[in-house]
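Take a look at the structure below.
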Amino acid sequence: MRALGVYLGGLRDARGKRRIQLVGLLAIAMLAVGAANASAVIVRLHGKTVSYEPLPGAFALAQAKPFASKPVVYHGGPVMPSNTNYALYWDPTGGPEYPAGYETGLNRYFEDLAHDSGGFQNTDPVLTQYKDEAGEFANYNSHFGGALIDTDPYPSNGCSAAPICFTDEQLRAEITTYVEAHKLPMDLQHEYFLLTPSGVESCFEASGHRCSDGTKHASYCAYHGFIPIAKTVIIYANDPYVDGLNCDFGEEHPNNNASDATIGGGLAHEHSESVTDPELNAWYDSKGEEVGDKCRTFKQATEYGEPLGKAPDGSNYNQVINSDLYWYQQEWSNEGSECKQRLGHSTPPPTVTKVTPKTGPASGKTSVTITGTNFEAPATVKFGATPATEVTVTSSTTMTAVSPAGTGTVNVTVTTSAGTSAANKKDHFKYK
């Protein structure tokens, strides 16, 4: 028996209405959660029911679900005391290709989470308040296990909702085969994120009633679950390609890459819920909503919080992780009964009000004095998207950095543990 949690944000039902629907599905054995644990977001198969809340994209902005202030409650299962994340790309010869930069962007996200592990400036530290009966906390103890390339050929379609379509049973079988063949870890400290390219879709069951966003029966953006193997377990998440689809509705792309859609449209959500509820028997509320579900409100104030600034492409961002910019939902905190994008910081993000000199050669190596507010060490400086060298914070209002090579006019931005300075006309530096 298996279990999985589903991310349904931004989806549209046949009539464009918000609903909670119970649907009896007869098919494969997938989920083992007690009948009393009925949920708006936990799928139940094997002759049981499916109870979930698909919220439409554009419709959601006008008629979003109300903010839910009830706490998540502990139900006796384990949390993940640490998480080593693997990006598993299923990429057989002749299959659809991933777009340029997609894999790099997703790998960088996992690397950034690992780099800032133990800090408090993104959503992961919000999860550390949740513990299990063994006394383990959902610590911000994150690692990147690496990018895994699965070249096994695709099996025959298990569902007919798309030209390439696999059931969850097929996905679990492939993940299990790959993990066992490569002798990879199977426990509550490791998770495998299955990342497929555009055109590779999935359904919960062969009848294809509930499927990924790129199908005619779209019902989910991503989901997480577990696979019992003898006396251990494989924790996994299915994150289909969603760039430009309903799951990407209203999302910001601060890296100007399709990977932004996957991160904001499900991956970050499933990561947080896996850490706090890996076997779907730990932390969720009276409606069965996990820490991510409770903050999928389709209202910026509760779902995303206040933007921290604008990325170079003009997109909002609300997360700064290892000096990189991201936009994805907040996570629920029982402490304060609210959604949080970070644990907080006593100092606001830095601002840049002046750079001197304002010009320098394209080869770089110009010593630039940066004036502003809320500077603190350690800090990083970027000229456009390129990091500067020899960064020195001399006071809360002054710092210096040596320009990298570049072209054109760029924004000089400063990142500290409190965030990144918002781009503005006063931070321009021109390469000659």
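Rule-based calculations on the coordinates, nothing more; no lab input. It should be emphasised that the depicted structure is a prediction, and the values quoted were computed from it without experimental measurement. When we count neighbours, we look across all protein chains shown, and the Cβ atoms used for this are built from the backbone with ideal geometry, even at glycine.
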Counting other beta carbons within 10 Å of each Cβ, put Val320, Val73, Val233, Val179 in order, fewest first. Val73, Val233, Val179, Val320
Exposure proxy check: Ile149, Ile370, Ile321 ranked by fewest other beta carbons within 10 Å? Ile149, Ile321, Ile370
Please compute the net charge surrounding Pro153, taking Lys and Arg as +1 and Asp and Glu as -1 over other residues with Cβ under 12 Å from its Cβ. -4
As a footprinting exposure proxy, order Thr373, Thr394, Thr413 by other Cβ within 10 Å, with the fewest listed first. Thr394, Thr373, Thr413
About its Cα centre, how strong a charge dipole does the stretch 64-340 have in debye, to the nearest 20, once Lys and Arg get +1 and Asp and Glu get -1 at the Cβ? 440 debye
Qualifying aspartates and glutamates (Cα of each under 19 Å from Cα of Lys70; at least 8 residues distant if same chain): Glu53, Glu273, Asp277, Asp285, Glu289, Glu290, Asp293, Glu303, Glu331, Glu335, Glu338
Give the long-range amide H neighbours of Ser202: residues separated by 5 or more places, or on another chain, with amide H under 5 Å away, using H modelled in the peptide plane at 1.01 Å from N. Phe166, Ser212
GluC sites (Glu not before Pro) lying in DSSP loop within the stretch 169-252, provided at most 13 other Cβ fall within 10 Å: none
Can you pick out the pairs among Lys131/Lys299; Lys340/Lys426; Lys365/Lys425; Lys299/Lys425; Lys231/Lys287; Lys382/Lys426 whose Cα atoms lie more than 20 Å from each other? Lys131/Lys299; Lys340/Lys426; Lys365/Lys425; Lys299/Lys425; Lys231/Lys287
